[in-house]
Structures are given as structure tokens and as C-alpha cells.
Number of protein chains: 2
Amino acid sequence: MSTAVSPLAPAAFPRLPALAGVRLATHACGIRYQGRTDLLLVEMDAGTTVAGVYTRSLTRSAPVDWCRAAQKQGGARVLIVNSGNANAFTGAAGIASVERTAAGAVRTFGCRPDEVFIASTGTIGIALPDDRITDALPAAAAKLSPDLWAEAARAIMTTDTFPKGATRTARIDGVTVTINGFAKGAGMIAPDMATMLSYVFTDAALPAPVLQSLLSKGCERSFNAITVDSDTSTSDTLMLFATGKAGNAPVTDPADRRLADFRAKLNDLLLDLAHQVVKDGEGATKFVEVTVTGAAGARAAKRIALAIANSPLVKTAVAGEDANWGRVVAAIGKSGEKADRDRLSIRIGGVMVARDGEVVPGYDETPVTAHMKGSHIVIEADVGVGRNRATVWTCDLTHAYIDINGSYRT
Amino acid sequence: MSTAVSPLAPAAFPRLPALAGVRLATHACGIRYQGRTDLLLVEMDAGTTVAGVYTRSLTRSAPVDWCRAAQKQGGARVLIVNSGNANAFTGAAGIASVERTAAGAVRTFGCRPDEVFIASTGTIGIALPDDRITDALPAAAAKLSPDLWAEAARAIMTTDTFPKGATRTARIDGVTVTINGFAKGAGMIAPDMATMLSYVFTDAALPAPVLQSLLSKGCERSFNAITVDSDTSTSDTLMLFATGKAGNAPVTDPADRRLADFRAKLNDLLLDLAHQVVKDGEGATKFVEVTVTGAAGARAAKRIALAIANSPLVKTAVAGEDANWGRVVAAIGKSGEKADRDRLSIRIGGVMVARDGEVVPGYDETPVTAHMKGSHIVIEADVGVGRNRATVWTCDLTHAYIDINGSYRT
């Protein structure tokens, strides 16, 4: 496993301000990792609302099942995340682990079990030693503080090479609110390690259904528009908590225009975190932006963009700094979505490479080759059949990906 | 580009017997490669019938369009295949190239244009210098011989590390017939190089609709059940020609039981060739067989099997000889097909690893680890919801794949 920090990492973890109603703590439980924290505990004030988006995997983990069920009542008091073990594909034992962890939180914080949210990230198929978590809860609770955002982002890392965080402020009806978020994931997905997890907190007062609407929509163009290796985790989780401490007037309609700024800032923060996940993609050396235009529908545009972004041949070409646009054409062709081969155009780094189904006359590869040597690669394809567009993000496929994934457990 | 022969290659190219009504020639035209043959010419006797299965890519090549149209009349006299240039995404120029090549064959052999079948394999998006082919046709025609099967398989290679051939005999209504076939492809798919091509010939007398039915069905469990990297070529082509020289009585119904032996032998030959393509998968060091049982339907079984076989995380684990069955679970989960997480079972190398949704009690990894060190890896998953099954084949994902595909054009 590589220990070097991704060359695409931001210069530093941003400064996330304290957020009224949220206290964080981290702890070293020794679940799998030694010499580092592997437990995140977050306590939220009574009245906090919650929303979540979860993996669509049919082999999803026990904690995902727990959160989906608990979320229905709309409130949250405690979040517990461990790294090193995914508690996935652990059968009845895994469900019991989650229940004991929730019971531990109930003892420590006096809340209801369905106000406790739980996630686990790490190896699949190994029983979670949940006693190490429940035994640690009182000690962790004693350390709760509003300022431990960077530590929180670090405690949930697995193969991540840097902690991922972001913050924004927004105005709701004249009141300033804060949004803080962090994420882990070195891959959209890396089932063994496993998972993308992201937690976002705000002091805005927003009912759970409004939160859910904002989060579900925001996810589509951020976390649901990134891919490292096309594999879907058993544990992917994105949650949004709102403590209500900022004191804005309640807004009950997600389409209310008083939420426009909040929605924009939330979406921006989600995209920031999602990009950081891609930039920490296993073995990544280049950040790749793929935009498809001229598609027959929005879903078609996204599917074509993902076909390009998931193509091993496109990704290895990017790794090799090779402006191999023929592979982009082939990926479009295999997407199964409507495209007009004879009206197709491709741009790389803004330079038109192919138009109307063939290479442009007198194509000069020099500026395109120069673009491929950079770290932010832009591929655009117009498929010539409609007016819909989509952008997705991925990274290149390198030797380091194989090193990391061919030898993780050994 | 690696020049070493795949460690999974068979010991030798099989001896393919002469087949009445088929003559082959190869030639070095210098289309892209130097110092090797890059043109295959096959002449077939009048009365030869034809069937074909082609890529479903929407960005398919000009020669694929040509063959699909020409095939409709049911007869074949000439096959021309070049390597080094795919004549794909070449617009109107590409169509003109195919038309000129066919016209050259008409001049040389006095047949109709729609009796000429053409394929090109190699780089996408570069105009094909078809004059090198048409100029070479008379010289190639002078070399036609019934015994050049191995040479034919070599002439159409691109990144292949070994030529791929197979032969079978079958009985139709008491008459012995021969089936010879060869293939190229170092990847189901490798759009840049590009393509899987396979040509099968028989001296049996079978009308075109019967041939087409046999070929389409046989393809489903052979060439349509292999994957190297999930990328679909712009040029994939599988054709079956029948010269009728064996003198069997005509059979007009593909379901006629007199065709049972021929069907079995044809399917066996197609599977043999398909396996050889996987064994020459770019960078392959292990041949991987994935069987899914207990699926809700046949298509579901195949989609789940392909989700496993295409998972970069499964393929890198196989490369690393790591019995990482958690990644198999995750791949099943992402397939989108029905599976019962809590009834799922997984076997690796015949050893039950997980059952009823969790690792087997007292799981001993020793025999599984020993199996992973071999070159033929068997992964079986029962998804616990029905009675349908499917088997697909793939190879591991290694550093050599990235070497080959990150630097092909440079």
C-alpha cells in the first residue's frame, strides 16, 4: 500500500469553523489499524434533522441497512464511524454488531437507538470486534469538542492519502449559516477498503424532508458523477445533518427560493468533496473531467460520460499521456446510448480533434499532447443527436492502482 | 508493447487440414507493420454460404457496415482482412476505402461486390491506405493455397502474442465435415488495436439462414461470454463460411436433429477460440472462469457473471493471487440484478468460502490460496434467488496491461 500523498492533493486541509450543535471526537480502538485513530464519534444537539443517500448495492453492509431504517424518523443525535472493518457480508453477526454499537451510544448519551447513525469502512467479510467500539465510547465522549474536524476526517481514512474537508457559508432568509463536510474514499469505491463515506453538517434549521431533497439532488451531480474504477461499494454513505442552531426561519418547501443560496453552496461543497475523492483515487496521477453534450437525454449524457470515464483503455491512455481519442470514440460506441457516429466531435484540452465523425483536417497533435502532460485533463464529446449534457470526473489508471489492489490483504 | 508470448498460450498452433473450397494467402503490404504479413486473402468456391455476428458498437467501423449489408444476399467468394489500421471513425473516406477494396477483389476474382467480405483491425481514426491492399491483390491471389491456416491466423494479429486456431470434425446425416477457425484479439476488445476478429470455415452444405442461427447461438456462450477489459471494439466480427463441398444432404431447419453433432462441434470450436483470445488478453497471467448459479434468469446470471469478471478489483486481486472474495460479493451487489445477500454463497477453486451471506465457520484459506497461485482460477457464486446459471471467462489485470495500453501509440 502506497504511503505517499496523492500528487493531486490540495495544499492543506481547510480550516472548518465550529458549528453550533456539533461536537466531535476521535479515538484509537485498534480495530485493525495500529498507531492511529480508527473511531469517529459525533454528538449532535437534540432537534438535529438528518438526510442520507446510500449505496444501491444489493450486497450492502449491515450499518447501511441500519441507517436507512433509522433515518425514517428524521432526527439524529449520534454518529459513530469506524475504519479498518466494513462490517459487510457478516450476516446475522454483523447486524448484532450494529445493534450493540447503537445500544452503547444509547447508554452513553441517553438518546433513542434510532437517533444513532453508524458506518463501518474497511475489509469485507470479517466480524467487527464491536466491543472495542462500545468499550471506547465513554472515553471518546469525554473528548468531544467542536473543533476536531480535521481529526474527524483523518479517523475515517482507509487507503486515503489525505483527509478531505470543505466548508461554505450561505444565507437563508437573511441569516448566515455554515456548512462543514468531510469525506473518505480512495475510489468511488474500493469495496475491500471499502467505500466512500461523507458527512456534512450545517447549523441551518431545515426539516428532514427538505434536507433529503437537497441532498439527493446535490448528490447526482457530485458523488454520483465520479468514478475511480466503476466498482460500487457495499457501504457508500452520504449524510447531511442540520442542527437548527443558526436560527433561520423554518422553510418547508425544498423549492422555496429562500433556499437558493444554501442549495448552491451545499452543491458546491458536495462537488468539492467529490473531487477530492477522485483526486485521491487509488494510484491517481491525473484528474480527468469528461463532458458529454448533444445527447438525447440527461441520463443518456451521463451514461455516455461514465462509459468514457470507466473505460480502462481511456484511463490507461491518460496515464500514458497519450491523446488517444480513438478510445473515446470506442467508449461512446459501447455505451448503448444513442450517438451519431458521423456527427460525433471530440475535444481534448479544448482543442477540436475530431468532427463529423473523422479527424479534423490537418490535425496538429502538439497542443493536445501538451495538455495530456498536465494534471487536469479535459475530454469533451458531442454525440450529435440532442441537446442534453453531463459532466463526470475520474482519474487515470496507473501501475499504483494495481500495486494497491493486488496486494492489499497480503 | 510486450513481445513475450502469453504464459497462457497453448503449446503450438493446431494442425488445420485443407478444407475443400477454401484457399488462403497472406501478404506483407506495409500498411503499418514492417517485416511481417498484414493482409489475409481468402478465396471461396462459388456456392459458399455466409453468416456473421458483428459488434453492437454504435461507432462501428466502415468494414463492419459493409459486411452487414453484403451478408444479406447469403453468398461469399472473397474475404480480405488487413491488420495495422482499423478503418474506423474514418468517415466518408473510410467507406470509399472499403468500396475500392471490394472493387479490387471484383477485378481479381470476377465475383460480385456483395460476395466480398472485408475487415480491418488496428489503429482507429487514421485513413486506410487501401491502395496498398488493392495493389497487392494480384500478387496475393497468385499465392492462394489450401494449407495456409497458421499463416492466415498470423497475418491478422495486432497485439496478439500467439496465433489462434482450432479444428473439429462433425457428422451430418452420415457425412463427415470439417470445421476450421482462427481468431485474433488480445482483449475481447482493445479498441485501439482494435478488435476481436474470428473466421470459421466448413465444407458442410448449409444454407445461410441455418448458418446464421447456429452462429448467433454459438456466439452467446463463447465470444459473447468473454471479457478482457469490458471495452467493446468498433470492429468485432465473427463470420462462418460454408463451402458445401462435403456433399451432405441439405438441411434447412437449424433445429433439425441431424445438425446436433455439427452444432456441438461448432460450439466447441467457438469456445476454444474464445478461450484462446482471453488467454492472450493484454497482460494476462491467469485464465479466470466465473460461474454464477441461482440467478433469477439467464440474462441476470450472465450480467452478474460479467460484473464479477469486469471488476477491476476482482481482476487485480487475481493478479495478486489474493483470494479476496469480498470483492466478488461487492461485484455481485453492483450488477443491478436480483441477489439475496443473506443466501449468497461463494466458492473459489471449488472450496466453499462463504455461505448464507457470511464466511463459512472456521474458514481455512490455505487451499484457496494454493488455488490462486495456479493459472486457471475458478470463481463460483450462487446468488440464491432462482435456478439460472451462466459462465464467462476473463483474465487478470496486471501491470503489463497498463504498459501495453498506456504507451501503444507512442
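For A:Gly333, all conditions in the list (1) without any contact (Cβ under 8 Å) to a residue 24 or more places away in the chain; (2) facing chain B (nearest Cβ under 9 Å); (3) farther than 28 Å from A:Ala296 by Cα hold save one; what is the number of the exception?
All conditions are met except number (3).
Which residues, counting only those in the range B:1-38, are within 18 Å of B:Pro146 (Cβ to Cβ) and either of a type in the set (A, V, I, L, M, F, W, C) or in contact with a Gly (Cβ under 8 Å, 6 or more places away or on another chain) (or both)?
B:Phe13, B:Pro14, B:Leu16, B:Ala18, B:Leu19, B:Ala20, B:Gly21, B:Val22, B:Leu24, B:Ala25
For the range B:351-398, what are the residues that are in a strand (DSSP E or B), within 29 Å of A:Ala93 (Cβ to Cβ) and of a type in the set (Gly, Ala, Ser)?
Across the range B:351-398, the qualifying residues are B:Ala354, B:Ala381.
Return only the number of the condition from (1) touching a helix residue (DSSP H, G or I) at 6+ places or on another chain (Cβ under 6 Å); (2) modelled with pLDDT of 95 or more; (3) over 15 Å from A:Ala76 (Cα atoms) that A:Ile118 does not satisfy.
Condition (3) is where A:Ile118 drops out.
Applying the selection to the range A:338-352, what residues are surrounded by 21 or more Cβ atoms within 10 Å (Cβ to Cβ) and at the interface with chain B (Cβ under 10 Å from one of its Cβ atoms)?
A:Ala339, A:Arg341, A:Leu344, A:Ile346
Criterion first (aliphatic (A, V, I, L, M), farther than 19 Å from B:Gln276 by Cα and modelled with pLDDT of 95 or more) does B:Leu58 satisfy it?
no
Could you check the range A:84-104 and list, in sequence order, the residues that are more than 23 Å from B:Ala354 (Cα to Cα) and crowded, with 19+ Cβ neighbours inside 10 Å?
The answer is A:Thr101, A:Ala102, A:Gly104.
From the residues in the range B:386-401 that are surrounded by fewer than 24 Cβ atoms within 10 Å (Cβ to Cβ) and of a type in the set (Ser, Thr, Tyr), which one is farthest from the other protein chains (Cβ to nearest Cβ)?
Ranking the qualifying residues of the range B:386-401, first place goes to B:Thr391.
Spot the failing condition for A:Pro138; the list is (1) within 12 Å of another protein chain (Cβ to nearest Cβ); (2) not in a loop (DSSP other than H, G, I, E, B), and only one is missed.
Only one criterion is unmet by A:Pro138, namely (1).
On the basis of being touching a helix residue (DSSP H, G or I) at 6+ places or on another chain (Cβ under 9 Å) and modelled with pLDDT under 95, does B:Gly104 make the cut?
Here the answer is no, as B:Gly104 does not meet what is asked.
Can you pull out the residues in the range A:267-326 that are on the phi > 0 side of the Ramachandran plot and either in a helix (DSSP H, G or I) or away from chain B (no Cβ under 12 Å) (or both)?
Within the range A:267-326, just A:Gly294 meets the criteria.
For the range B:247-259, name all the residues that are at pLDDT below 95 and among the hydrophobic types (A, V, I, L, M, F, W, C).
Selection gives B:Ala249, B:Val251, B:Ala255.
Of the residues that sit in the range A:349-386 and are acidic (Asp, Glu) and at pLDDT 95 or above, which one is nearest to the chain's Cα centre (by Cα)?
My answer is A:Glu380.
Select, from B:Gly125, B:Gly104, B:Gly110, the only residue that is farther than 24 Å from B:Phe201 by Cα and small (Gly, Ala, Ser).
The unique qualifying residue is B:Gly125.
If B:Ala92 satisfies every condition in (1) out of contact with any helix residue (DSSP H, G or I) (no Cβ under 8 Å at 6 or more places or on another chain); (2) more than 11 Å from chain A (Cβ to nearest Cβ); (3) aliphatic (A, V, I, L, M) but one, which is the exception?
If we test B:Ala92 against (1) out of contact with any helix residue (DSSP H, G or I) (no Cβ under 8 Å at 6 or more places or on another chain); (2) more than 11 Å from chain A (Cβ to nearest Cβ); (3) aliphatic (A, V, I, L, M), just (2) comes out false.
The values are calculated or read from the model by the stated rules, or taken from the named source; none is laboratory data. Only a predicted model underlies this, so the values are computations on that prediction, with no experimental measurement involved. Note that we place each Cβ from the backbone using ideal geometry, even for glycine, and neighbour counts take in every protein chain shown.
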